[in-house]
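Peer 1: Can you keep this structure in mind? I'll have questions shortly.
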Amino acid sequence: MIGNVYSGIEQKDLVVAKKRLLAELELNGGSTLTVNNKELTRNDIINFFDNAQQTGELAYHIAVANDVFLLKFLENNALENRHGFAKNELYNDPKFINWISPYFYTAFTECGKKCIAKTNAEDWIALLDNPIMMNDRDKAQAWNFFEEEFTVYLNHLRSVTTDRPTIGMNDMARLCNFNFVRLVKKLPPQRFYTLLDAYATAIGNAAVVAFKKGDRDMSGTYLDNAITLAFSTSVRDELEKKRNDRDVAMHKLSGYNNNSGYAGTSSGGGLSTWGIVRLVLLGMILFARIAACSSHY
């Protein structure tokens, strides 16, 4: 779309603009012309103005041109400073939606993909909170696109419980942290409830891995995130049980360490550092008593 139209445009203005652009094209060698950082051919220019001269299409171009943030979103595949689009009744018109849908699909999926890759939860939430200007077909394709994107990460997360994990602990931490969970949780639950439960379960299993590797505090955080994400009651109950089991295990470990006086007791059942110190002290006391008794003879 060419975004340099304005609300006062008339049919004659389109004719003049078309002639000027074609003339400029010829002056530049007749191959392409750059408009708003986009390369346009002669056919692009002709098709644009032919379509714009239809009453409905002209109104659509004007609406987009007057909505600064929507226009930039469509041109750059990004939301500028998480701004919302303008309020316009035209955005609810099925004919307008069908017209803008293919352009919006491209910007929507490209922007969303970047948000996921960078774990940018704030931009992702802003993207999904804005009007989604796609027809049913393109919207379904967009959700399928994001399902595939998140499934890649889900499979990586699932792999940490196998003999051949595809990610390390740092990447596992990224996929279990609260910001990434916010990305998944923002998906429409009616469409993605299965993915929400699957991802929550995978985080719960990753929490067990973290606990076994000694990252016990983070294992609790992961389980809290998983419980927040879970959609179904059954999955949430299962994760609550894991959280309780983890807390019991932590309590037992804490009690064991307090009783021993030192968490660094050897795994072979040897004496702790404090146990050794006590034996040395007892030996010294006993030696002193024997020495005192000997002095009476």
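The values are calculated or read from the model by the stated rules, or taken from the named source; none is laboratory data. Fair warning: this is a prediction, and the values are worked out from it, not measured in the lab. Methodologically, a virtual Cβ is constructed for each residue, glycine included, from the backbone with ideal geometry; neighbour enumeration extends over all protein chains shown.
Peer 1: What number of residues in the stretch 222-249 are assigned to a helix (DSSP H, G or I) and either hydrophobic (A, V, I, L, M, F, W, C) or touching a strand residue (DSSP E or B) at 6+ places or on another chain (Cβ under 8 Å) (or both)?
Peer 2: 8
Peer 1: Now for a separate question. What do you reckon, is L183 within 19 Å of F145 (Cα to Cα), touching a Cys at 6+ places or on another chain (Cβ under 8 Å) and in a helix (DSSP H, G or I)?
Peer 2: yes
Peer 1: Kindly indicate whether any position in the stretch 139-157 is more than 28 Å from S101 (Cα to Cα), assigned by TED's automatic domain parsing to the domain that holds M218 and without any contact (Cβ under 8 Å) to a residue 40 or more places away in the chain.
Peer 2: Within the stretch 139-157, the subset more than 28 Å from S101 (Cα to Cα) is 154-157.
Narrowing further to those that are assigned by TED's automatic domain parsing to the domain that holds M218: 154-157.
After this cut, where a residue has to be without any contact (Cβ under 8 Å) to a residue 40 or more places away in the chain as well, the list is 155-156.
Yes: the stretch 139-157 contains one or more residues that are more than 28 Å from S101 (Cα to Cα), assigned by TED's automatic domain parsing to the domain that holds M218 and without any contact (Cβ under 8 Å) to a residue 40 or more places away in the chain.
Listed here are the residues, each with its yes/no results for (1) at pLDDT 90 or above; (2) charged (D, E, K, R).
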site: N47; (1), (2): no, no
site: A52; (1), (2): no, no
site: L58; (1), (2): no, no
site: I62; (1), (2): no, no
site: V68; (1), (2): yes, no
site: L71; (1), (2): yes, no
site: L74; (1), (2): yes, no
site: N77; (1), (2): yes, no
site: E80; (1), (2): no, yes
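Peer 1: Continuing with the same structure: Where in the stretch 32-149 are the helices (runs of 4 or more DSSP H), entirely inside, with at least 2 residues that are of a type in the set (G, A, S)? Lay out the reasoning, then the answer.
Peer 2: Numbers: elements: 42-52, 55-66, 68-76, 94-117, 121-129.
The qualifying helices (runs of 4 or more DSSP H) are 55-66, 94-117, 121-129.
Peer 1: Going through M133, M172 one at a time, which residue ends up being touching a helix residue (DSSP H, G or I) at 6+ places or on another chain (Cβ under 6 Å) and under 17 Å from K118 (Cα atoms)?
Peer 2: None of the other options fit; the residue is M172.
Peer 1: Go through the stretch 146-173 and count every residue that is surrounded by 15 or more Cβ atoms within 10 Å (Cβ to Cβ) and under 16 Å from the mean Cα position of the chain (by Cα).
Peer 2: Summing the residues that are surrounded by 15 or more Cβ atoms within 10 Å (Cβ to Cβ) and under 16 Å from the mean Cα position of the chain (by Cα) in the stretch 146-173 gives 11.
Peer 1: So is D247 at pLDDT below 95, within 16 Å of A173 (Cβ to Cβ) and out of contact with any Phe, Trp or Tyr (no Cβ under 8 Å at 6 or more places or on another chain) or not?
Peer 2: On the way: at pLDDT below 95: yes; within 16 Å of A173 (Cβ to Cβ): no; out of contact with any Phe, Trp or Tyr (no Cβ under 8 Å at 6 or more places or on another chain): yes.
The answer is no for D247.
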